[in-house]
1. Scan region 105-128 for residues that are in contact with a Ser or Thr (Cβ under 7 Å, 6 or more places away or on another chain) and over 19 Å from Val187 (Cβ atoms) and jot them down.
2. Could you tell me which residue of region 179-202 is surrounded by the fewest Cβ atoms within 10 Å (Cβ to Cβ), considering only residues that are in contact (Cβ under 8 Å) with a residue 60 or more places away in the chain, out of contact with any Asp or Glu (no Cβ under 8 Å at 6 or more places or on another chain) and within 16 Å of Met93 (Cβ to Cβ)?
3. Before we move on, is Ile55 among the β-branched types (Val, Ile, Thr), closer than 18 Å to Leu188 by Cβ, under 26 Å from the mean Cα position of the chain (by Cα) and modelled with pLDDT of 95 or more?
4. Taking region 55-85 as the search range and keeping residues that are in a strand (DSSP E or B) and of a type in the set (D, E, K, R), which one is nearest to Ile127 (Cα to Cα)?
5. How many of the residues in region 94-114 are assigned to a loop (DSSP other than H, G, I, E, B) and within 15 Å of Ser56 (Cβ to Cβ)?
6. If you take the residues in region 73-118 that are among the charged types (D, E, K, R) and under 15 Å from Ala54 (Cα atoms), which one is surrounded by the most Cβ atoms within 10 Å (Cβ to Cβ)?
7. Return a yes/no flag: does region 90-104 have any residue that is closer than 19 Å to Gln68 by Cα, small (Gly, Ala, Ser) and at pLDDT 95 or above.
8. State yes or no: is Leu53 out of contact with any Pro (no Cβ under 6 Å at 6 or more places or on another chain) and touching a residue at least 24 places away in the same chain (Cβ under 8 Å)?
Amino acid sequence: MKMALSCWMTFAIALLLGGCSALQPPKVANTHFYTLDAISAINPVQQKIPQVLAISMPGARPGFDTPQIAYQRQPLELEYFATQRWVDTPAKMLRPLLVQTLEPVFQAVVAAPGSIHADLRLDTELIRLQQDFSLQPSLIHLMLRVQLIDLKDKNVISTKLFDVTETAASEDAYGGVVAANRALLRVLEQLPEFCRKASSRQ
């Protein structure tokens, strides 16, 4: 009788411990967060454009308005890294970079919408930002559409599609993030000249 009771207690304890372990949350791999922080060096010697520029919040095409880092292995299929993410959506990280890039170019740069009167507005749309693994080595593909608008006359002065690629140094998310910052830097370096040429057409 004592032996049977001992066996039953051992079995009950085993069930209890097993139940407790089943209630434990599953182990999840650590998530890594990355930023877009490319800043273009602007030549301060050039004369500033004597206008106030408003920069609207950049938009993003479906699939890219997310903190998830996108990649592609075959055409028409978009995938995302499981444990690597942007700290915010790329579009939201883009606006402060646009402001810092264009502040040396214009009389003043403000965020739109806002209460401060502006002469021009820069609208941007992120069309693509993804790592393409269908090629070896993989590539980052960045497409950014920019549009400069005359707020007084309510007309579009100029539109440009920046379409750049950069080779990733490694076949992982970090390699893609570094390449994405290089690609964005190339776009930011071209943006002041685009604004200068466009504003001169007024």
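1. Residue satisfying the conditions is Ala112 alone.
2. Leu185
3. The answer is yes for Ile55.
4. Filtering first and then ranking leaves Glu79.
5. Going through region 94-114 one residue at a time, the tally reaches 2.
6. Residue satisfying both the conditions and the ranking: Arg95.
7. Yes, some residue in region 90-104 is closer than 19 Å to Gln68 by Cα, small (Gly, Ala, Ser) and at pLDDT 95 or above.
8. Criteria met by Leu53.
The values are calculated or read from the model by the stated rules, or taken from the named source; none is laboratory data. From a predicted model like this one, the values you see are computed outputs, not experimental measurements. Methodologically, a virtual Cβ is constructed for each residue, glycine included, from the backbone with ideal geometry; neighbour enumeration extends over all protein chains shown.
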